[in-house]
Amino acid sequence: MKNTEDRKKIDELYIIAEKVYSATGDKEKVTSTILTHTHDEALTEVVLRYFFKRYFQERRNQGLLYLGIGIVLILLGFFVTFFNFNANQSFEISMYGFTTLGILISFFGLYKMIG
């Protein structure tokens, strides 16, 4: 019985932490807000650890997605350039465009992953 009550309390505090962090982006504000709802510091640490673990896991997954898209664009630019080089066709858009776009998206993915 106590386990389900604790779990409900953790879920409520998690939702509060999510709302406050999305509004402010400040970890100290999240901590102080949770402490106003409960004065148990151990529970606060559990909620914060759980929240930030999930938050950074989501950011890491988004970063990997952007990184993958960027790598695919870089490879696409390479292959279009490679096959059009001897075909006497213009390959400048693929060489500069896809590669630049791929590098920018890859760096954005790295930014999302690192934080």
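Per DSSP H run of at least 4 residues, take -39500 (n - 2.57); add these up for the chain, divide by its residues and hand me the 222 nm value, nearest 500 deg cm²/dmol.
-29000 deg cm²/dmol
Helix 2-24 versus the longest principal axis of the chain: what is the Cα-based angle in degrees, 0 to 90, to the nearest 10?
50
Over all Cα pairs of the chain, how is the pair count split among 10 Å bins, expressed in % and running from 0 up to the last occupied bin?
It works out to 14, 28, 19, 15, 12, 9, 4, 0, in whole percents.
Only Cα pairs under 8 Å and at least 6 apart count here; give the relative contact order of segment 2-114 as a rounded whole percent.
Relative contact order of segment 2-114: 26 percent.
We did not get these values from a lab; they are worked out from the coordinates using the rules stated. Bear in mind the structure is a predicted one, so any value in this text is a computation, not a measurement.
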